[in-house]
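Colleague: First, the structure itself, so that you have it in front of you.
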Amino acid sequence: MNITAGKFKGQKITAPDEKITRPTLSKVRMSVFNTLQAITDFDGKSFLDMYAGSGIMALEAVSRGFASAVAIEKHPKVAAVIKNNYKKYCDCDLKLLMGDSLKITQKFKEKFDVIYIDPPYFSGIYEQSLEAVKNIANGIIILEHVTDVEFGSYEIIKQKKYGDKIITFLKIKDNTENICLTEN
């Protein structure tokens with residue numbers, strides 16, 4: 001696998017065992033970041049990859065100009081491959097956390113400008129993942145999914161389909177219209 005754009009464009013990374021992970025295809029990664037760039041500036045922004053898999057999304061983020069990126073991976077063998085890949089980019093603010101994403105995100109004090117959510121397909125945790133990041137989302141949430149998802153308190157900004165997968169760009173709904181003002 002290669003990084004598709006930015007200062008590390010063309011750099012190869014080792015992919016984890018495909019029986020364990022399902023790396024996001026390069027054309028999908030390019031499209032995600034091109035769409036994202038049309039929506040927001042990357043300079044000074046933070047990126048969270050909630051289910052790292054290969055770890056390539058966080059690498060793409062820092063390569064394209066994000067100030068920092070955090071990746072979370074639960075599987076020890078996969079995390080070891082990611083850690084090894086990230087060693088090559090030690091001059092970047094790039095972190096790998098090992099453990100359950102749903103639990104780890106609840107402990108964050110910081111907020112993230114962009115959050116990428118791509119859990120194992122058919123895991124049934126799309127809605128749980130969206131709920132888990134609600135308090136740490138400071139901008140755009142990107143969800144890669146293959147099934148219908150109840151977006152609840154999120155508003156769809158854009159949606160694209162690639163074969164059987166759907167990439168949905170979301171933001172938290174503005175609740176100000178639901179506030180009833182009363183005068184005394």
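Colleague: For a footprinting-style exposure proxy, rank MET57, MET1 by other Cβ within 10 Å, fewest first. All intermediate terms of the calculation are to be shown ahead of the outcome.
Modeller: Details: MET57 26, MET1 19.
So the ranking, lowest neighbour count to highest, is MET1, MET57.
Colleague: Relative to the longest principal axis of the chain, what angle (0 to 90°, nearest 10) does the C-alpha long axis of helix 26-39 take?
Modeller: That helix lies at roughly 40 degrees to the long axis.
Colleague: If we count other beta carbons within 10 Å of each Cβ, what is the order of VAL28, VAL62, fewest first?
Modeller: Working: VAL28 18, VAL62 23.
In increasing order of surrounding Cβ atoms, one gets VAL28, VAL62.
Colleague: Continuing with the same structure: How much length is gained if the chain between LEU25 and ASP100 is pulled fully straight, taking 0.36 nm per residue apart and subtracting their Cα-Cα distance, in nm to one decimal?
Modeller: Computed gain between LEU25 and ASP100 is 24.6 nm.
Colleague: Now for a separate question. Write down the Å³ per residue value for the convex hull defined by the alpha carbon atoms of the range 108-153.
Modeller: So the per-residue Cα hull volume is 70 Å³.
Colleague: Could you calculate the FRET efficiency of TYR121 with ASP41 from 1/(1 + (r/R0)^6), where r is the beta carbon distance between them and R0 is 30 Å, rounded to 0.05? Provide the component values of the computation, followed by the final result.
Modeller: Details: r = 31 Å, r/R0 = 1.04.
Efficiency, from the Cβ-Cβ distance: 0.45.
Colleague: Which one, GLY55, ASN85, ILE115, is farthest towards the positive end of the dipole of the chain when Lys and Arg carry +1 and Asp and Glu -1 on their Cβ?
Modeller: ASN85
Colleague: Something else: Give me the angle, in degrees from 0 to 90, between the Cα long axis of helix 76-86 and the longest principal axis of the Cα atoms of the chain, rounded to the nearest 10.
Modeller: 80 degrees
Colleague: Can you give the Rg to Rh ratio for the range 7-91, taking only C-alpha atoms and Rh from Kirkwood?
Modeller: Values: Rg = 12.5 Å, Rh = 13.2 Å.
Reported Rg/Rh, Kirkwood definition of Rh: 0.94.
Colleague: Percent of alpha carbon pairs in the chain separated by more than 29 Å?
Modeller: Percentage above 29 Å: 17.
Colleague: For each of SER129, SER31, count neighbouring Cβ atoms within 10 Å of the residue's Cβ, then give the residues from fewest to most.
Modeller: Placing the least packed residue first, the sequence is SER31, SER129.
Colleague: Greater than 23 Å separation of Cα atoms is the criterion. Which listed pairs, LYS45/LYS161; LYS9/LYS173; LYS7/LYS111; LYS9/LYS88, meet it?
Modeller: LYS45/LYS161; LYS9/LYS173; LYS7/LYS111
Colleague: If you consider only alpha-carbon coordinates, what radius of gyration and Dmax does the range 124-177 have, in Å?
Modeller: That works out to 11.2, 37 Å for Rg and Dmax.
Colleague: For ALA5, what residues show an amide H to amide H distance below 5 Å, using hydrogens built from the backbone and excluding near sequence neighbours?
Modeller: Close amide H contacts, sequence-distant or interchain: GLY10.
Values quoted throughout were computed directly from the atomic coordinates according to the rules given, and no laboratory measurement underlies them. This is a predicted model, so every value here is computed, not measured. Methodologically, a virtual Cβ is constructed for each residue, glycine included, from the backbone with ideal geometry; neighbour enumeration extends over all protein chains shown.
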